[in-house]
Amino acid sequence: MKRLINTQKLAICTTAVALSIGSVFGAYCISNNQKSSKANTTSASYEEMLPAIEQVSKECAESLAEKTEPELDLEVKDVVPIYNVTDNIVGYSVSYYDGETPYGYASFDFTTDQLITDFIIHENTESMYNVLTESFVEADASVEIKDCTDKLYTTTGIDYAVSAEQNNKETFYYNASTYSEDDFENMLDYYEDNYLEFYDNTEYEDNFYSELADNNSEDNYIVQGKIADWFKKWLKKLFPSFFEDEYVAPTAYPNHSEVFKEIDKLVGEVSEPVMLPQYSKEKSLTSQETIMKTTSRYACGLVALTSICNQEDILVNGNIQDTFNKLWDLTGTQANIYETSEFYGKQVDCSGTTIYNMAAGMRYYGTELGINIQASTKSNPQFTTFKSAVDNHNSSVLCYQIANEGGHGVSIVGYANGNISEHNIDYLLAADGWYDDIPRYVLYNPALFESCTAITYTINK
């Protein structure tokens, strides 16, 4: 999949969350830790930078694990590249293990000032890549694990897609649906336009380096160059002893504490999470697999609502099957079925619902159970909206959309504050039906979605 961007739209730069794009980068190289003179330097291309980006991702993942779980001796394994919507690598997702026991993952995007986009470190927790590829195989009987490509595609800054290659064709899996290459690209068109527009508020140096991006080259060189340029900034923070006035790109990275002495400062600290008091790992995490197998239906927003009903102890007949089916009826979801396919050995009706129906449906649900449920909605909510919900012990759902076909809804069960490379940042803890091992820490930025809404529920039993 090769997604190219109009160069006339690229007079931009960013110091914000998520993806960035821009100018081609020319770098100076060193050998054996010695700086070369400017006269003898060569250019470092995007492709030549990728091994360095992978190595630094591993080192940062180790530092994050040491800070978060200092009593454990976790290993980093299974490093998977993260591609943006222009099909270029912007970082890597690293898996954690304690011996043979999976312990979660951390994803690093070097085109963000915050660096760590999402992570979870917890016993018996699979990596995002493993969870999605296993779901892909379950959802599509023609796909086997060996067909899955070594790629994660970031679709919104929060979610990912995975792909498989068969007979020289790539098929994509996102939000319990499979897409052809063309259909997946069409779904992402809005997101590509939206993040270009989002970052079109800051000027940047017009430095395209004609030796790499000449009149005959593709626009993709410019995108790749900006990715390399952003990584250059991270290297300056990681390897201050390698730099003076000019930037120097190491050709190899000695793996010892002297070189990586700045990583602790770079990764910073993440506070203990503040969780809803009614949160429960057993009750708050409902998987799409469980819903599909027990109801032969699926709607991601209703999976989130079912999880809320479970954690609030207001299930119909004490089980999630009857609860999901009741919510399906009360929200009018039957009318929006867009696909009936085989998942987990069953024919499943896949559908969606609206923000209005998710709010009204829960009020109707409460009335039928003799419970007072109030729902309030807020478009393009800030982090403080979800923080307030948690602090006031109210369940909430984050709903977002990137195109008519692309969107998702997750229950928010907590939040945490962090300091990454001297930036104060906020994480939401999302109980996601796609990833139900444990809530994951995710950065949140409403400006990168086509639409984004918070629904907060006040439940008086």
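Here, each number is a calculation from the coordinates, and none is a lab measurement. Note that the coordinates shown come from a computational prediction; the quantities given were computed from them, not determined experimentally. With ideal geometry, Cβ positions are generated from the backbone for all residues, glycine too; neighbour counts draw on all protein chains shown.
Below are the figures for this structure:
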quantity	calculated
Label-zone membership for region 369-397, site Ser271, 7 angstrom Cα→C-beta point, backbone N under 12 Å	387-388, 391
Order by protection proxy (mean Cβ within 10 Å, highest first), peptides 431-437, 314-320	431-437, 314-320
Estimated FRET transfer efficiency when R0 is 56 angstrom, pair Gln374-Asn124 (beta carbons, to 0.05)	0.90
Size of charge dipole - region 70-156 - debye, nearest 20, with Cβ of Lys, Arg +1 and Asp, Glu -1, no other charges	300 debye
Region 331-419 shape via C-alpha gyration tensor axes, a/c threshold 1.5	oblate
C-alpha center-to-center spacing [region 50-128, region 331-369] in angstrom	35 Å
Label-point separation in nm, Lys237 to Ser280, each point 7 Å along Cα→Cβ	4.0 nm
Computed E for Gln166/Ala360 - FRET, C-beta separation, R0 60 angstrom, nearest 0.05	0.90
Descending Cα extents along the principal axes, region 274-460, whole Å	50, 35, 28
Charge tally in the Cβ shell below 12 Å around Tyr364, where Lys, Arg are +1 and Asp, Glu are -1, Tyr364 excluded	0
Stretchable slack from Asp329 to Lys293, in nm (0.36 nm times residue separation minus alpha-carbon distance)	11.1 nm
HN-Hα J in Hz across region 353-366 - Karplus 6.51, -1.76, 1.60, θ = phi - 60°, x for Gly and Pro	9, 9, 4, 4, 5, 5, 6, 5, x, 5, 5, 4, 4, x
Charge dipole (region 67-109, unit charges on Cβ, about Cα centre) - positive-most of Val80, Gly99, Pro70	Val80
Under 19 Å from the Gln347 label point (7 Å along Cα→beta-carbon), backbone N, region 137-160	139-142
FRET E, pair Glu339, Ala141, Förster distance 22 Å, beta-carbon r, rounded to 0.05	0.90
Where labels lie 7 Å past Cα in the beta-carbon direction, separation of Gln382 and Asn460 in nm	2.9 nm
Segment Asp73-Ser180, length gained on full extension (0.36 nm per residue, minus Cα span)	34.4 nm
